[in-house]
Amino acid sequence: MRYLILLSLLLIPTPSWASDGPAFHKIRAALSEFQLARWVKSSDWVLEDVAAIGFSYGRGGVVTEEAIETSIAHTRSEARARAWSDLLRADLNGDLVVTRAEAAALERALSGRIRARLWTRFAKADADKNGEITQGELSAYAETRSFETLPESRAAERRAYLLLDADGDGAVSLEEAEESLAALSERGHAQAAS
C-alpha cells in the first residue's frame, strides 16, 4: 500500500513554482488560493500596493515589517475616524450622543443616498436599539467598521509582501517586488497552461 501511495505522489504533477525554492512555498502557504490567484493575475495591483506602502510608510520606497504594520494601523484608524465623523455630523447639540431626533433633523439636508447611509449606520451603531448612539456604541461601531474596511485576511496579505524579499534583508525594494512578482506570475501562468 505504501508503494502505491508513493507511486501516486510521484505521478501527480507538481505545480511549476513548487520546485523553485522556499520563497514560493512561503508565498503559497501565506496566501489563500484566491489571494494567490489575485497576485498572479493582478501583479501590477500588488506592485502598486507595495510601492504605495514603501513610499508612504517606508524609507526610500522600501517596505519593511514596520511600514506594513503602520499602513494597516493607519488604514484602520482612518476608517474609525470616518465612522465617528459620519455619525457625529448628526450630533447637533455637541453632547457626543446622537439621537434619532437629531439624525431626523439632519436628514432633511441630505441627498437620498446619504440619508440611506445615515440611517443604515445609525441602526448598526445603536447596539441597544434605544434610539441613541452613546460614545461606547460609537466606539464599538467605529472599531467594527475599521475591520470591515481592512479585514484581517487583507492585513495578512499585506504582511505577506515581506515574502517578496529576494535578498533576505527584511526589506522589500520595488525592484525585488517587481522581480519576485514577475517570477510568480510566470510560474502561475505556466501552471495554468499545464
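The values are calculated or read from the model by the stated rules, or taken from the named source; none is laboratory data. This one's a predicted model, so the numbers in the text were calculated from it and none came from an experiment. Cβ: placed from backbone, ideal geometry, glycine included. Neighbour counts: every protein chain shown. With ligands, DNA and RNA removed, areas are computed over all heavy atoms of the protein, side chains included. Shrake-Rupley method; radii C 1.70, N 1.55, O 1.52, S 1.80 Å.
Quick grid of which residues meet (1) of a type outside the set (S, T, N, Q); (2) at pLDDT 95 or above:
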| residue | (1), (2) |
| --- | --- |
| Y3 | yes, no |
| W39 | yes, no |
| Y57 | yes, yes |
| T70 | no, yes |
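I need the full set of residues from the range 114-152 which are charged (D, E, K, R) and either open to solvent by less than 60 Å² (accessible area, probe 1.4 Å) or over 26 Å from the mean Cα position of the chain (by Cα) (or both), in order please.
Passing the criteria: R115, R121, D126, D128, K129, E132, E137.
Can you confirm whether E178 is open to solvent by 40 Å² or more (accessible area, probe 1.4 Å), touching a helix residue (DSSP H, G or I) at 6+ places or on another chain (Cβ under 8 Å) and either modelled with pLDDT of 90 or more or at negative phi (or both)?
Values: open to solvent by 40 Å² or more (accessible area, probe 1.4 Å): yes; touching a helix residue (DSSP H, G or I) at 6+ places or on another chain (Cβ under 8 Å): yes; either modelled with pLDDT of 90 or more or at negative phi (or both): yes.
Yes.
Out of V46, V62, V97, V50, report the one residue that is within 26 Å of the chain's Cα centre (by Cα), farther than 22 Å from S153 by Cβ and not charged (D, E, K, R). Steps first, please.
On the way: V46 fails: farther than 22 Å from S153 by Cβ; V97 fails: within 26 Å of the chain's Cα centre (by Cα); V50 fails: farther than 22 Å from S153 by Cβ.
Among V46, V62, V97, V50, only V62 is within 26 Å of the chain's Cα centre (by Cα), farther than 22 Å from S153 by Cβ and not charged (D, E, K, R).
Restricting the search to the range 153-164, which residues are surrounded by 14 or more Cβ atoms within 10 Å (Cβ to Cβ) and small (G, A, S)?
A155, A156, A160 - these are the residues of the range 153-164 that are surrounded by 14 or more Cβ atoms within 10 Å (Cβ to Cβ) and small (G, A, S).
Residue pairs, Cβ under 8 Å, 6 or more apart or interchain, first in the range 147-165 and among the polar types (S, T, N, Q), second open to solvent by less than 40 Å² (accessible area, probe 1.4 Å) and at pLDDT below 95. List them.
From the range 147-165, the pairs are S153/Q35.
Among the numbered criteria (1) under 25 Å from the mean Cα position of the chain (by Cα); (2) over 22 Å from R76 (Cα atoms), which one does E107 miss?
(1)
So, in the range 81-94, exactly how many residues are more than 33 Å from the chain's Cα centre (by Cα) and in contact (Cβ under 8 Å) with a residue 12 or more places away in the chain?
1
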